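The values are calculated or read from the model by the stated rules, or taken from the named source; none is laboratory data. Given the structure is predicted, the values throughout are model-derived calculations rather than measurements. With ideal geometry, Cβ positions are generated from the backbone for all residues, glycine too; neighbour counts draw on all protein chains shown. Remember, those area values only see protein heavy atoms, side chains included, never the ligands or the DNA or RNA. Shrake-Rupley method; radii C 1.70, N 1.55, O 1.52, S 1.80 Å.
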Amino acid sequence: MSSTQSPKDFFRPLAVGAPEPLREVPARPSRAIHFFDPSNPKMAAKVPDMVGTVDVLLGNLEDAVKADNKLAAREGLVEIARSTDFGPTQLWTRINSLDSPWALDDLTTLVPAIGDKLDVIMVPKVQGAEDIHYVDRLLAQLEAKAGLTRPILVHAILETARGVANVEEICGASPRMQGLSLGPADLAADRRMKTTRVGGGHPGYLVRQDPVGGDIDGPRTTYQQDLWHYTIARMVDACATHGIYPYYGPFGDITDVVACEDQFRNAFLLGCVGTWSLHPKQIAIANRVFSPSVEDVTHARRVAKAMGDGTGAVMLDGKMEDDASLKQCLVMVELAEQLAAVDPELKKAYDAIELED
Ligand code: GLV
Ligand code: MG
């Protein structure tokens, strides 16, 4: 909400005939947002078979699509969206950045052609609330013209220093805001960080143990630190404040599945609900990491059962549980239920949990 707007106007449609904005962003499972290039016929051909195997399929129009292929990517996405039944899988797109020669045509082409199929539009390089306001009004006009009955949601990539500085106002700029992703590659460049990678850590970013026994030349353990902890933590707080969802982003080293899983898990533990997948291998990692483990769900259900009406404190396995630990457990239980509703394997695993009396 901008400072001069009355709260009562926040949920008004921004164009006559545009769909009513949502009061709450639905918590739809989105553990992996799998990127495909709609201008690449080999990749595009695989899309229909991926329906049902991943929570979100995203047709990417921005970076990683060559300038000469921008039109083919846009048209390819229209074709794929029209000819595919996405069933339970969400369809998202990443449009080109708002200052590029393609963003306007991306929006004016996609909304009339496939606006009824698009769940979320990811906007890259968002700098502040003004970028969201621009997209918000334009989408309302296009939705009204196309006769759409459901608003398309907006997801911002946080990949500029100014975007990070404005993260709270970005999240609260429109009822369309669905969430935020970290864009570590562009963010590193914009911040003038001295890295050359897409996501992940760096061996030079570390802390070192003090000299052991005063021996300055002796061996000392080092621990690599997480370059993205600060940004993810800010995103999580901004998103939770506004009732929307934070995501990790790209992890570029496709072969390093171990480090990829670590980065994803850190994001999950800090509060993120999902991440990007740049290769089918990463879908499996994301689905595993962003689904609570059977052990965690078992524990959470035990605490919920033991806490009865949810007040007071109980001892379980020598640990104190109270109202606050119960609330954490309920987050886990609720997420497990949402995921079980779309993932039969998980449902089986969670349903098999038996609690002792
Ligand atoms: C993603 O777009 C990134 O820049 O990391
Ligand atoms: Mg980027």
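Within the group Ala240, Ala267, which residue is touching a Phe, Trp or Tyr at 6+ places or on another chain (Cβ under 8 Å) and either closer than 24 Å to Asp63 by Cβ or at pLDDT 95 or above (or both)?
Testing whether each residue is touching a Phe, Trp or Tyr at 6+ places or on another chain (Cβ under 8 Å) and either closer than 24 Å to Asp63 by Cβ or at pLDDT 95 or above (or both) leaves just Ala267.
So which of Ala173, Ala238, Ala165 ends up being under 27 Å from Glu143 (Cβ atoms), away from ligand 1 (no atom under 16 Å from the Cβ) and more than 14 Å from the chain's Cα centre (by Cα)?
Result of the check over Ala173, Ala238, Ala165: Ala173.
Of everything in segment 176-186, what is assigned to a loop (DSSP other than H, G, I, E, B) and more than 12 Å from ligand 1 (Cβ to nearest atom)? Give them in sequence order.
Result: Arg176, single match.
For Gly17, indicate whether it is out of contact with any Phe, Trp or Tyr (no Cβ under 9 Å at 6 or more places or on another chain), touching a residue at least 60 places away in the same chain (Cβ under 8 Å) and part of a loop (DSSP other than H, G, I, E, B).
Yes, satisfied.
Inspect all residues belonging to segment 5-12 and state whether any of them is assigned to a loop (DSSP other than H, G, I, E, B), open to solvent by 50 Å² or more (accessible area, probe 1.4 Å) and closer than 13 Å to Arg176 by Cα.
Looking through segment 5-12, at least one residue is assigned to a loop (DSSP other than H, G, I, E, B), open to solvent by 50 Å² or more (accessible area, probe 1.4 Å) and closer than 13 Å to Arg176 by Cα.
Restricting to segment 220-248, name every residue that is of a type in the set (Phe, Trp, Tyr) and either surrounded by 13 or more Cβ atoms within 10 Å (Cβ to Cβ) or in contact with a Pro (Cβ under 8 Å, 6 or more places away or on another chain) (or both).
Correct list: Trp228, Tyr245, Tyr247, Tyr248.
Conditions (1) basic (Lys, Arg); (2) in contact with an Asp or Glu (Cβ under 8 Å, 6 or more places away or on another chain); (3) more than 25 Å from Tyr247 (Cα to Cα), marked per residue:
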site: Ser30; (1), (2), (3): no, yes, no
site: Phe35; (1), (2), (3): no, no, no
site: Ser39; (1), (2), (3): no, no, yes
site: Val51; (1), (2), (3): no, yes, no
site: Leu61; (1), (2), (3): no, yes, no
site: Ala72; (1), (2), (3): no, no, yes
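With farther than 24 Å from Val120 by Cα and free of Cβ contacts under 8 Å to residues at least 40 places away in the same chain as the only criterion, which of Gly163, Gly213 stands out?
Gly213
If Phe251 passes every condition in (1) buried (at least 17 other Cβ atoms within 10 Å of the Cβ); (2) within 16 Å of ligand 2 (Cβ to nearest atom); (3) over 14 Å from the mean Cα position of the chain (by Cα) but one, which one does it miss?
Failed condition: (3).
Pick from segment 187-198 the residues that are part of a loop (DSSP other than H, G, I, E, B) and more than 10 Å from ligand 2 (Cβ to nearest atom): which of them is farthest from Gln263 (Cα to Cα)?
Arg192
For segment 80-90: of the residues being in a helix (DSSP H, G or I) and closer than 19 Å to Ile152 by Cα, which is least open to solvent (accessible area, probe 1.4 Å)?
Ala81
Applying the selection to segment 242-270, what residues are over 30 Å from Lys319 (Cα atoms) and without any contact (Cβ under 8 Å) to a residue 24 or more places away in the chain?
The answer is Thr255, Val258.
If a residue has to be away from ligand 1 (no atom under 16 Å from the Cβ) and either buried (at least 22 other Cβ atoms within 10 Å of the Cβ) or touching a residue at least 24 places away in the same chain (Cβ under 8 Å) (or both) to count, how many in segment 271-285 make the cut?
Count: 6.
Taking segment 115-167, which residues are among the hydroxyl-bearing types (Ser, Thr, Tyr) and surrounded by fewer than 17 Cβ atoms within 10 Å (Cβ to Cβ)?
Tyr134, Thr149
What number of residues within segment 148-186 are out of contact with any helix residue (DSSP H, G or I) (no Cβ under 7 Å at 6 or more places or on another chain), within 13 Å of ligand 2 (Cβ to nearest atom) and aliphatic (A, V, I, L, M)?
Result for segment 148-186: 2.
Is there a residue in segment 108-119 that is in a helix (DSSP H, G or I), within 16 Å of ligand 1 (Cβ to nearest atom) and either without any contact (Cβ under 8 Å) to a residue 24 or more places away in the chain or over 21 Å from Pro26 (Cα atoms) (or both)?
Looking through segment 108-119, none of the residues is in a helix (DSSP H, G or I), within 16 Å of ligand 1 (Cβ to nearest atom) and either without any contact (Cβ under 8 Å) to a residue 24 or more places away in the chain or over 21 Å from Pro26 (Cα atoms) (or both).
Out of segment 81-101, which residues are under 26 Å from Asp136 (Cβ atoms) and more than 16 Å from ligand 1 (Cβ to nearest atom)?
Ala81, Arg82, Phe86, Thr89, Gln90, Leu91, Pro101, listed by residue number.
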